[in-house]
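K.L.:
Take this structure first; my questions come after.
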Amino acid sequence: MRFVLAAVRIVVLAVTVWALLSRTSCFYLYGSCIAINVLSYFTIQSHIIMVVALALSVVCGIAGRTEPQWLTVLRLLATTYVVVSGAVFALLIVDDTLSPFLLQAPMSSKLLHFVLPIYAVGDFIFGTRSRLPWSAIWVSLAFPILWAAYTLVRGRTANWYPYFFLDPDAAGGYGMISIYALVLAIAIVALASLLVASTRTRSRLR
């Protein structure tokens, strides 16, 4: 069974890497965008974390080793982040002015924002054997806080923000940014809580 799971993860890993390379090809292949801007998107960074987590999980699976708790936590973080980034993207395209983008979006974008987040949830729920502590939930906030701080500081110097809700001018000031940040933090904690709960529930059932 572990070889089947490892094989599936290898396929998903390859798809994720392809999608990331495709979405970032504008700077290393075409030179039509700024590398640091593209790499600053939360979607890109969250899927890089997912690639690392999947790769390490594949190694553990093939070697027949029990997944260490820190790796399960890393998979928790990756799953939480890719799902939240996909949900934010989905909310943005609900806007009538942005919804046509969904039809025009390249396959790589659809994979990163919709398909891979769904897979990540299924992989975490059905591919996790260890029982995570509730404290793992709060770990999920560390990276987003650092990312938000980096984005705000760099945004002021580069005059560029990856998302409008982090741009003081577009969002309506830092007060509105704080509200957006609070909503996203609640979403991250809520999702991480559900995922941690799934590990504890499954462990009681076994």
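The values are calculated or read from the model by the stated rules, or taken from the named source; none is laboratory data. Quantities reported herein were computed from a predicted structural model and do not represent experimental measurements. Here the Cβ positions follow ideal geometry from the backbone for every residue, glycine too, while neighbour counts run over all protein chains shown. SASA here: full protein model, heavy atoms, side chains in, ligands and nucleic acids out. Shrake-Rupley method; radii C 1.70, N 1.55, O 1.52, S 1.80 Å.
K.L.:
Could we say that Ile62 is within 21 Å of Trp160 (Cβ to Cβ), touching a residue at least 24 places away in the same chain (Cβ under 8 Å) and of a type outside the set (Phe, Trp, Tyr) here?
P.N.:
Criteria not met by Ile62.
K.L.:
Taking the condition closer than 25 Å to Trp147 by Cα and either in contact (Cβ under 8 Å) with a residue 24 or more places away in the chain or open to solvent by 40 Å² or more (accessible area, probe 1.4 Å) (or both), does Phe3 pass?
P.N.:
Against the criterion (closer than 25 Å to Trp147 by Cα and either in contact (Cβ under 8 Å) with a residue 24 or more places away in the chain or open to solvent by 40 Å² or more (accessible area, probe 1.4 Å) (or both)), Phe3 does not qualify.
K.L.:
Continuing with this model, one more query. Which residues, counting only those in segment 14-40, are open to solvent by less than 80 Å² (accessible area, probe 1.4 Å) and either touching a Pro at 6+ places or on another chain (Cβ under 6 Å) or not aliphatic (A, V, I, L, M) (or both)?
P.N.:
Thr16, Ser22, Thr24, Ser25, Cys26, Phe27, Gly31, Cys33, Asn37, Ser40
K.L.:
Evaluate segment 83-93: report whether one residue or more is open to solvent by 30 Å² or more (accessible area, probe 1.4 Å), without any contact (Cβ under 8 Å) to a residue 24 or more places away in the chain, under 30 Å from Arg156 (Cα atoms) and in contact with a Leu (Cβ under 9 Å, 6 or more places away or on another chain).
P.N.:
There is at least one residue in segment 83-93 that is open to solvent by 30 Å² or more (accessible area, probe 1.4 Å), without any contact (Cβ under 8 Å) to a residue 24 or more places away in the chain, under 30 Å from Arg156 (Cα atoms) and in contact with a Leu (Cβ under 9 Å, 6 or more places away or on another chain).
K.L.:
If Val52 satisfies every condition in (1) closer than 27 Å to Asp167 by Cα; (2) free of Cβ contacts under 8 Å to residues at least 40 places away in the same chain; (3) surrounded by fewer than 18 Cβ atoms within 10 Å (Cβ to Cβ); (4) not acidic (Asp, Glu) but one, which is the exception?
P.N.:
Here Val52 clears every test but (1).
K.L.:
Restricting segment 32-67 to residues that are at pLDDT 95 or above and assigned to a loop (DSSP other than H, G, I, E, B), which is farthest from Val84 (Cα to Cα)?
P.N.:
Ser40
K.L.:
OK, next. Surrounded by fewer than 17 Cβ atoms within 10 Å (Cβ to Cβ) and not small (Gly, Ala, Ser): does that describe Val11?
P.N.:
It is true that Val11 is surrounded by fewer than 17 Cβ atoms within 10 Å (Cβ to Cβ) and not small (Gly, Ala, Ser).
K.L.:
For segment 127-198, list the helices (runs of 4 or more DSSP H) that sit wholly inside it and hold at least 1 residues that are open to solvent by 40 Å² or more (accessible area, probe 1.4 Å) and in contact (Cβ under 8 Å) with a residue 40 or more places away in the chain; which are they?
P.N.:
Where helices (runs of 4 or more DSSP H) fall fully within segment 127-198 and carry at least 1 residues being open to solvent by 40 Å² or more (accessible area, probe 1.4 Å) and in contact (Cβ under 8 Å) with a residue 40 or more places away in the chain, they are 136-139, 142-158.
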